[in-house]
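S.K.: Here it is: the structure, laid out below.
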Amino acid sequence: RRAESLESSGALELMAASSKRKVTYFHDADTMGSYYYGPGHPMKPHRLAMTHNLILSYHLYRKMEVCRPHLATDEEMLQFHAAEYVDFLRRVTPDNQPDFSKQLQRFTVGDDCPVFDGLYDYCRLYTGGSIDGAMRLNAGTADVAINWAGGLHHAKRSEASGFCYVNDIVLAILELLKVHVRVLYIDIDIHHGDGVEEAFFTTDRVMTVSFHKYGDFFFPGTGDVKDVGIRAGKYYSVNVPLRDGVNDDAYQRLFKPVMEEVMNLYRPSALVLQCGADSLCGDRLGCFNLTIRGHAECVRFVLQQKVPTLILGGGGYTIRNVSRCWTYESAVVLNEEISDDLPYNDYYEYYGPDYKLHYAPSGMENLNIPENLEKIKSKVFEHLRQLQPAPNVTMPAAPPPAAADEEDEDEDEEPSRVETSSSSLSGRRTQRSSREAMDDSVAPTSEAEGGKAQLAVRPVASYVPAVIDTSDLRAFLMRPGPSGAMVQCYIQRRKTGMARLFPTYELYLKEGDKFLMAARKRKKNKSSNYLISLDKDDLARNSGNFFGKLRSNFIGTEFTLYDKGSNPDKVEGTDLVMARQEMACVLYKQNVLGARGPRKMKVMVPDVDEDGERVSFRPQAADESMLERYKSAQDDDEVQVLKNKPPKWNDQVGAYVLNFNGRVTRASVKNFQLYNPSKDPEAVLMQFGRVGKDAFTMDFQHPLCALQAFGIALSSFDYKIACE
């Protein structure tokens, strides 16, 4: 009754607006329902044919413009996706799949995202519908555009993920950004909208808001309330994590106040709403307890904002419920009352034995207690308070529809991330809270005694970014950094789909977001063994892009970094120049008693002379390694021993602190700063720390090179049995 009351009151409020609302609906009845992921696969495009048939049977099609979507072109998909990935999707088929074994692994196509007949056209079709909808909104010929085939929110720039191949949402938002200053993306799928969030993680022109299940290793494992974006996009990613069994009342207790606050502060000129139906009760892969009316109440609330809106599908794996839901939500868009008794249609037998539009929720326990919901809401509001009111922005002349922005074609752009922020296009926050101002000089290292976060505020020597030359990339990666100036970098951890247990770590220069190196742990090794490559999509030992490796002992307390040379046991004769060099060794102190705080570590690196030449270490026996020489207490002037700075107590903030000069913002045992106590106790030679759930900064200077710093940082990612 409560749901029906909400429905009736909402319908009255929308009546006047909806009578003038222009709605365009995209569907290809000839082909969309015929695509088939394969036997046993939960994703069934057939649900779209069922939805369309109900829309016809309820005569809803008479109230809106019905259009067949165009097939998205390669040029359109390349606005976000990598050329080699799109080319792979175009060429691979079930028959020639064995010929693409390397690309299948590289682009994570296989189990969750199988190759099936018509895959490429399927991607083009659902993507074309979303782009068409965005173009209709841009042109003002539609107030609301619907593409139930779209909403595939997990796909990355060069990676299929979570049944998604091409991210139609990102491409539609890019189209909207040609006309609209600010675009708001809202995701009510049970799974976190990671692909869309990641694409716009660094920009303030797109705000992403996702309500999803989080925890218990639920796919994709991202979407913590603490993940808020970075750089210009900080606080423009909003995540509302939920637990099993959330019902209509609990969901709306968060959805409506959060969205009201977002709308008031961000003031978008266009909305994209992803309506994944796997958040419904009874979904094959879901664990929420929303009714169709409760799910549709989100659609109703979004429409009340009276902003041009693109409505998309998404997940949903109990297909009879998916078609019911999206049909009812189509009626909500049109403000049409439709009968609970299903009309006869081509798939009528699917809806037995009751043959009703709505069905009752289950009796599952709601694990979202009111106290926890209030904590989540308070945390989200705390983040939103960091935003300044939306600035007045003067837009440049809009390019022709579907034209490519030059900015989107930047070859140095970070993968899976779309830089749309520009000082000429969007205002910058000029006022900050006292806490945010403190965070520019205060950064967390880890938990201190009593559960307090360790904040970094201790003054150190001046921090100066370096001016660097990467024209010869290989030489730059091996060359010691400048003295007295930091090379500023960041690391993006990619852990999606089947690769989440073996994530890829990608290193970029802060200046220009230039890609440098990538690494991934090798599978089926008794100890940790990371391969480092110059190509993020080609992480193979026998590849020409292989650049080095990091290897640990069994318990993860000792690590050795090598360059790309050969194992000395495999080098014939006296040709030792082909043998691998030891570039660094990392030694972590065991934490048997479980003391809290940052890990204690020492790092051994070859010394560098005044001419910038590094001492060459090519040990032929185990006792000749830098680590063993250090353990044997040799007086070694060929090796520099670095230590991590211990945090100091600060009375002002009441915590243990280090100064990361604004480059680290999240508490973590992984955070550290290295210095050489025998040379200059105040000079930080390297620092590394967390700024987001999967985003980290890494800065270094002389005597370290980029390869050494990256290897040392990788050792901090690795789980250490004796240190945790």
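The values are calculated or read from the model by the stated rules, or taken from the named source; none is laboratory data. Everything numeric here is computed off the predicted structure, so don't read it as measured data. Reconstructed Cβ throughout: ideal geometry from the backbone, glycine too, with neighbour counts over all protein chains shown. Accessible surface areas use protein heavy atoms only, side chains included; no ligands, DNA or RNA. Shrake-Rupley method; radii C 1.70, N 1.55, O 1.52, S 1.80 Å.
S.K.: May I ask you to list the residues in the range 80-98 that are open to solvent by 60 Å² or more (accessible area, probe 1.4 Å) and either in a loop (DSSP other than H, G, I, E, B) or in contact with a Lys or Arg (Cβ under 7 Å, 6 or more places away or on another chain) (or both)?
M.R.: Asp95 - this is the single residue of the range 80-98 that is open to solvent by 60 Å² or more (accessible area, probe 1.4 Å) and either in a loop (DSSP other than H, G, I, E, B) or in contact with a Lys or Arg (Cβ under 7 Å, 6 or more places away or on another chain) (or both).
S.K.: Does Glu297 meet the test of being in a helix (DSSP H, G or I) and open to solvent by 20 Å² or more (accessible area, probe 1.4 Å)?
M.R.: The answer is no for Glu297.
S.K.: Six or more apart or on different chains, Cβ atoms under 9 Å: show the pairs whose first residue is in the range 33-47 and over 13 Å from Tyr122 (Cβ atoms) and whose second is in a helix (DSSP H, G or I) and at pLDDT 95 or above.
M.R.: Arg47/Ala277; Arg47/Ile319; Arg47/Arg320; Arg47/Val322; Arg47/Ser323; Arg47/Trp326
S.K.: Given the conditions (1) touching a residue at least 40 places away in the same chain (Cβ under 8 Å); (2) over 16 Å from Gln274 (Cα atoms), report the number of the one that Gly215 does not fulfil.
M.R.: With (1) touching a residue at least 40 places away in the same chain (Cβ under 8 Å); (2) over 16 Å from Gln274 (Cα atoms) applied to Gly215, the lone miss is (1).
S.K.: Quick check: anything in the range 99-121 small (Gly, Ala, Ser) and buried (at least 22 other Cβ atoms within 10 Å of the Cβ)?
M.R.: no
S.K.: Here are the criteria: (1) surrounded by 17 or more Cβ atoms within 10 Å (Cβ to Cβ); (2) closer than 21 Å to Ala683 by Cα; (3) modelled with pLDDT of 85 or more. Tell me which single one Ser483 does not satisfy.
M.R.: Evaluating Ser483 over (1) surrounded by 17 or more Cβ atoms within 10 Å (Cβ to Cβ); (2) closer than 21 Å to Ala683 by Cα; (3) modelled with pLDDT of 85 or more leaves (1) as the failure.
S.K.: Only one of these conditions is not met by Gly223: (1) within 30 Å of Tyr328 (Cα to Cα); (2) in contact (Cβ under 8 Å) with a residue 40 or more places away in the chain. Which number is it?
M.R.: The number of the failed condition is (2).
S.K.: Which residue is nearest to Gly711 (Cα to Cα), if the candidates are limited to the range 503-528 and must be open to solvent by less than 40 Å² (accessible area, probe 1.4 Å) and either at pLDDT below 90 or in a loop (DSSP other than H, G, I, E, B) (or both)?
M.R.: Once the filter is applied, the top-ranked residue is Ser528.
S.K.: Among the residues of the range 354-370, write down those that are in a loop (DSSP other than H, G, I, E, B) and farther than 17 Å from Ser339 by Cα.
M.R.: Pro361, Ser362, Gly363, Met364, Glu365, Asn366, Leu367, Asn368, Ile369, listed by residue number.
S.K.: So which pairs qualify, if the first residue must be in the range 73-95 and at negative phi and in contact (Cβ under 8 Å) with a residue 40 or more places away in the chain, the second must be aromatic (Phe, Trp, Tyr) and in a loop (DSSP other than H, G, I, E, B), the Cβ gap must be under 8 Å, and the two must be at least 6 apart or on different chains?
M.R.: Tyr85/Phe107; Leu89/Tyr165
S.K.: For the range 51-70, give me each residue that is more than 35 Å from the chain's Cα centre (by Cα) and either part of a helix (DSSP H, G or I) or under 14 Å from Asn345 (Cα atoms) (or both).
M.R.: Asn53, Leu54, Leu56, Ser57, Tyr58, His59, Leu60, Tyr61, Arg62, Lys63, listed by residue number.
S.K.: Can you say whether Gly150 is assigned to a helix (DSSP H, G or I) and under 22 Å from Ser210 (Cβ atoms), as far as the supplied structure shows?
M.R.: When the stated conditions are applied, Gly150 does not pass them.
S.K.: Being within 28 Å of the chain's Cα centre (by Cα), in a loop (DSSP other than H, G, I, E, B) and not charged (D, E, K, R) is true for just one of Val669, Val691. Which residue is that? Lay out the reasoning, then the answer.
M.R.: Values: Val691 fails: in a loop (DSSP other than H, G, I, E, B).
Only one candidate qualifies: Val669.
S.K.: Same structure, new question: I'm trying to understand the selection: among the residues of the range 164-214, which are over 25 Å from Leu78 (Cβ atoms), surrounded by fewer than 24 Cβ atoms within 10 Å (Cβ to Cβ) and charged (D, E, K, R)?
M.R.: Lys213
S.K.: For the range 596-629, how many residues are farther than 22 Å from Pro480 by Cα and either in a helix (DSSP H, G or I) or open to solvent by 20 Å² or more (accessible area, probe 1.4 Å) (or both)?
M.R.: 11
S.K.: Continuing with the same structure: Restricting to the range 177-208, count the residues that are closer than 12 Å to Gly233 by Cβ and not in a loop (DSSP other than H, G, I, E, B).
M.R.: Going through the range 177-208 one residue at a time, the tally reaches 6.
S.K.: Same structure, new question: Restricting the search to the range 26-55, which residues are aromatic (Phe, Trp, Tyr) and touching a Gly at 6+ places or on another chain (Cβ under 6 Å)? Talk me through it step by step, then tell me what you get.
M.R.: So in the range 26-55, the residues aromatic (Phe, Trp, Tyr) come out as 26, 35-37.
Listed by number, the residues that qualify are Phe26, Tyr35.
S.K.: Give me the residue from the range 262-289 that is farther than 28 Å from Phe219 by Cα and in a loop (DSSP other than H, G, I, E, B) and, out of that set, least open to solvent (accessible area, probe 1.4 Å). Steps first, please.
M.R.: We begin by selecting, within the range 262-289, every residue farther than 28 Å from Phe219 by Cα; these are 263-270.
Narrowing the set further to residues that are in a loop (DSSP other than H, G, I, E, B) leaves 267-269.
Numbers: Arg267: 109, Pro268: 12, Ser269: 45 Å².
That would be Pro268.
S.K.: So, in the range 23-50, of the ones that are part of a helix (DSSP H, G or I) and at pLDDT 95 or above, which residue ends up nearest to Ile311 (Cα to Cα)?
M.R.: Leu48
S.K.: Another one. Could you check the range 133-159 and list, in sequence order, the residues that are surrounded by fewer than 24 Cβ atoms within 10 Å (Cβ to Cβ) and of a type outside the set (S, T, N, Q)?
M.R.: Met135, Arg136, Ala139, Gly140, Asp143, Arg157
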